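Here is the structure we will look at.
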Amino acid sequence: MIYVKGAETLEKILGSFDTTNNLLEAALVVIEMPGNLETLRKATGKKPVFVIVTGMLTMPEWKAVNMSGVIIIEKQSLVSELKKILAPGVADLFENDLDVSNKPSKLEHCTQASPKKNQTTHRQQKRGNTGICFSTAGGVGKTFLSLNLATCAAMEGIETVVVDLDLRSSEMDFAIGLVDPMDRSRIVDRKARVPKNGWLTVANWRGYPPETLKENILRHSSGLFVVPCYPMVNTDMEDHEVRDLIYTLTKHFDLVMIDGGLDFTRPHIRAALEIADVIYLLGDQEIKTIGKVFSFLAQASNDLITKSKLVINMVTTTGYYAPDEIAARLGYRQHDVIPLDPQGVHTARRSRRATVQIKGSTAGKAVWKLAAKHLPFDIAPPSPSRENILVKIKNKLAMPFKRKEGVSKT
């Protein structure tokens, strides 16, 4: 029997199951959050608890949802998963120890069979490192960070490719100045390396032989390879298509950096998040952005949260929340900060370069530090070059010469 606590729509969805109003006699508990904190606390630790998150949680609710024994599940998949559990021979899955250390993963992770020894999994085939810049909030700089992190690695001589999986916005190719935004078939970066027979995109990558894959990818003047998603007919991709693309690229590159979209429930975004070694979770100082990021964390699996790094972008002294307060609200002990630098970003776009290539850019310096801290390569922020030193000497010599008092001209 199931104990249900939530809206009327939830009770209607579970109308085909035997339900009870007595929490003690129930075999399973289904709770809708936010709003039922006390019921969740009473049920946690005594029996399997499934939580459906339909809105922003308070901090006490967030902590309760992350307690051992709680499984977050989507409403549309609730009925099918409960049928699996309550089927004969499957119900005893929860009788003994429930493997939900810290924050449990979803049910499919509990019931998924491990691959056989003679099977070759995608993870075993994977070679290069994979990172994804992601946020459920728009306008926080996912494209900016993915491009600039990847450029840092490329400038250090690391074979790096950046992939545009933001199928709705689709601006990777002109954000770094490779193509004309009004005519994406025309290359405007004169120093770019352009494949003769067109270039590989997310939409047509299967049309290129795997052995010549790298030769058919656009390359920015910094050395960064770019796989745009334009033109895409749909705003969705099958998860196996994304997995195949990413794993294929990891065979050719040391680092694959992904620009993720907004909706992590879409198959292609979920696949990319699961594959990624690191998730750079972006936010800014706005109230609505913090709420959206918080909502993602409430629904994400423990694995996704563990490998995520919080990055607060476009930080100013006049922001609504201070960076430390944002990190505390989202449950992170550590975070990285990128200051607002409109001049550096605009200069980079006008010169068709990445912001990390602009000398004196405060945002560029912050990304260099972030790259040195998180990327699995030996990366150090660029030191002043000999050219810069000569320029300083030249400028100093050009200044009016002042003689000390009492010194004659002869």
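Take the stretch 6-54 and flag every residue that is charged (D, E, K, R) and either open to solvent by less than 70 Å² (accessible area, probe 1.4 Å) or closer than 27 Å to Lys292 by Cβ (or both).
Glu8, Glu32, Glu38, Arg41, Lys47
Return only the number of the condition from (1) open to solvent by 10 Å² or more (accessible area, probe 1.4 Å); (2) more than 24 Å from Leu149 (Cα to Cα) that Ala298 does not satisfy.
(1)
Scan the stretch 165-191 residue by residue and report those that are part of a loop (DSSP other than H, G, I, E, B) and either open to solvent by less than 20 Å² (accessible area, probe 1.4 Å) or under 22 Å from Phe134 (Cα atoms) (or both).
Leu165, Asp166, Leu167, Arg168, Ser169, Ser170, Glu171, Ile176, Gly177, Leu178, Asp189
Exactly one condition in (1) modelled with pLDDT of 95 or more; (2) open to solvent by 70 Å² or more (accessible area, probe 1.4 Å); (3) of a type in the set (S, T, N, Q) is not met by Thr306; state its number.
(1)
Take the residues in the stretch 192-209 that are open to solvent by 50 Å² or more (accessible area, probe 1.4 Å) and of a type in the set (A, V, I, L, M); name whichever of them is farthest from Thr151 (Cα to Cα).
Ala203
How many residues does the stretch 331-367 hold that are within 20 Å of the chain's Cα centre (by Cα) and assigned to a helix (DSSP H, G or I)?
Selection size over the stretch 331-367: 6.
Looking at the stretch 181-216, which of its residues are closer than 20 Å to Ile258 by Cα and touching a His at 6+ places or on another chain (Cβ under 8 Å)?
Across the stretch 181-216, the qualifying residues are Leu213, Lys214.
Hey, does the stretch 286-294 have a residue that's polar (S, T, N, Q) and modelled with pLDDT under 95?
Scanning the stretch 286-294, I find at least one residue that is polar (S, T, N, Q) and modelled with pLDDT under 95, so the answer is yes.
So for the stretch 138-145 (the condition being buried (at least 24 other Cβ atoms within 10 Å of the Cβ), modelled with pLDDT of 90 or more, assigned to a helix (DSSP H, G or I) and of a type outside the set (Phe, Trp, Tyr)), does at least one residue qualify?
Scanning the stretch 138-145 turns up at least one residue that is buried (at least 24 other Cβ atoms within 10 Å of the Cβ), modelled with pLDDT of 90 or more, assigned to a helix (DSSP H, G or I) and of a type outside the set (Phe, Trp, Tyr).
Within the stretch 348-358, is even one residue in contact with a strand residue (DSSP E or B) (Cβ under 8 Å, 6 or more places away or on another chain) and at pLDDT 95 or above?
No; the residues of the stretch 348-358 include none that is in contact with a strand residue (DSSP E or B) (Cβ under 8 Å, 6 or more places away or on another chain) and at pLDDT 95 or above.
The values are calculated or read from the model by the stated rules, or taken from the named source; none is laboratory data. Remember, predicted model here, so these are calculated numbers, not experimental data. Positions of Cβ are generated from backbone atoms using ideal geometry, with glycine treated the same way; all protein chains shown enter the neighbour counts. Protein only, heavy atoms only, side chains kept; ligands, DNA and RNA dropped before computing areas. Shrake-Rupley method; radii C 1.70, N 1.55, O 1.52, S 1.80 Å.
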